[in-house]
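Heads up, the thing below is written out as structure tokens.
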Amino acid sequence: MKVDEMRVNELLDIKFSDMLKKQTLMIDTNSSIADAASEMIRNNINSLLVAEKGKLVGIVTDKDIVKAVANKLDPSSNIQKIMTRTVITINGDEDVLEVLDTMLNNEIRHLVIRKNGNIVGTITRRDIISYILLFSKEWPSSWR
């Protein structure tokens with residue numbers, strides 16, 4: 001196997017549970033759209049998981065908030081009006097291609113990572129691209 005092929009295989013073997021570096025934040029279902037936007041700005045993030053009595057019931061992203069503003073939805077409206085109720089999860093043992101395939105097939109930018117039924121983090125397309133770019137800096141110049 002050539003060195004270049006070894007580097008690609010090394011990248012493909014990365015497990016996303018190993019990449020987690022940030023805590024996943026949750027917001028309660030009683031929160032408003034404005035609360036969610038403020039929380040995202042305060043924490044410099046682009047999504048929040050939505051919980052009801054500690055149980056995951058949805059996800060809200062910056063894109064959802066932009067749509068709400070564009071549709072002139074009152075910022076004091078309940079977050080449940082704009083959240084996505086179907087949250088797609090992975091176990092973190094998937095490789096890069098599996099994760100990207102899941103995101104593309106479901107037309108989503110965020111995946112929740114669960115281990116033993118517990119939420120341990122989220123992964124975004126931006127995280128994956130950033131990691132690939134960082135990883136690629138170590139590739140031979142012929143690959144760049």
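Of all positions in the stretch 6-19, none carries a residue that is at pLDDT 95 or above and either charged (D, E, K, R) or not in a strand (DSSP E or B) (or both). Looking for something in contact (Cβ under 8 Å) with a residue 60 or more places away in the chain and exposed (fewer than 13 other Cβ atoms within 10 Å of the Cβ) - is there at least one such residue anywhere in the stretch 116-125? No: zero hits. One residue alone among Ala70, Ala51, Ala37 is in contact with a helix residue (DSSP H, G or I) (Cβ under 8 Å, 6 or more places away or on another chain) and modelled with pLDDT of 95 or more, and that residue is Ala37. Taking the criterion of being closer than 16 Å to Arg125 by Cβ and in a loop (DSSP other than H, G, I, E, B), the residues of the stretch 93-104 that qualify are Glu94, Asp95. Within the stretch 60-76, the set of residues being part of a helix (DSSP H, G or I) and either under 20 Å from Met26 (Cβ atoms) or of a type in the set (D, E, K, R) (or both) comprises Asp62, Lys63, Asp64, Ile65, Lys67, Ala68.
A count restricted to the stretch 31-59 and to residues that are in a helix (DSSP H, G or I), buried (at least 21 other Cβ atoms within 10 Å of the Cβ) and free of Cβ contacts under 8 Å to residues at least 40 places away in the same chain stands at 0.
The values are calculated or read from the model by the stated rules, or taken from the named source; none is laboratory data. This structure is a prediction, so every number in the text was calculated from the model and none was measured. Don't worry about glycine lacking a Cβ; one is built from the backbone with ideal geometry, like all the others, and counts go over all protein chains shown.
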